[in-house]
Amino acid sequence: QVQLVASGGGLVQAGGSLRLSCAASGRTFSSYTMGWFRQAPGKEREFVAGVSWSGGITNYADSVKGRFTISRVNAKNTVYLQMNSLKPEDTAVYYCAARADMIVTTTQRAYHYWGQGTQVTVSS
């Protein structure tokens, strides 16, 4: 069992930056693939970024490539999402998720554990 707590959201102007954090409980964090998803008002939740257990493999949605960076520190049981050059269309609730498998998938139903979400609002 893994419990996830996301934090770091807030209000930022377009072009600004935020760093989201997701703290995980449990001693097996290093064996989980981690992902970030987001859900904007009136839209379905979508994949943003994922990282393998070692941090060596990452995957990004096309809409965030070159602007967002996912990373993890297994010794701290934490995964991060560094978001730069933010745009108003990045406004959403951001969720971290974990799956007990090695493949960095974009499929939501493949993730077994979810955090509570943190709001990111980008003003124009």
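The values are calculated or read from the model by the stated rules, or taken from the named source; none is laboratory data. For clarity, every value in this text was computed on a predicted model and none was experimentally measured. In this analysis, Cβ positions are derived from the backbone assuming ideal geometry, glycine residues included, and neighbour counts consider all displayed protein chains. Accessible surface is based on the protein model in full, side chains and every heavy atom, while ligands, DNA and RNA are left aside. Shrake-Rupley method; radii C 1.70, N 1.55, O 1.52, S 1.80 Å.
When segment 1-60 is examined, which residues are found to be part of a strand (DSSP E or B) and more than 21 Å from His112 (Cα to Cα)? Across segment 1-60, the qualifying residues are Gly10, Leu11, Val12, Gln13, Leu18, Arg19.
Of the residues Ile70, Ile57, the single one that is open to solvent by less than 20 Å² (accessible area, probe 1.4 Å) and out of contact with any Cys (no Cβ under 7 Å at 6 or more places or on another chain) is Ile70. In segment 9-30 there is at least one residue matching the filter, namely being more than 15 Å from the chain's Cα centre (by Cα) and β-branched (Val, Ile, Thr).
Checking Val64, Val73 one by one, the residue that is modelled with pLDDT of 95 or more and farther than 15 Å from Leu4 by Cα is Val64 and no other. State yes or no: is Ala24 of a type in the set (A, V, I, L, M) and more than 23 Å from Asn84 (Cβ to Cβ)? Against the criterion (of a type in the set (A, V, I, L, M) and more than 23 Å from Asn84 (Cβ to Cβ)), Ala24 qualifies. Screening Phe68 on (1) in contact (Cβ under 8 Å) with a residue 40 or more places away in the chain; (2) closer than 17 Å to Gly10 by Cβ shows it passes everything except condition (1).
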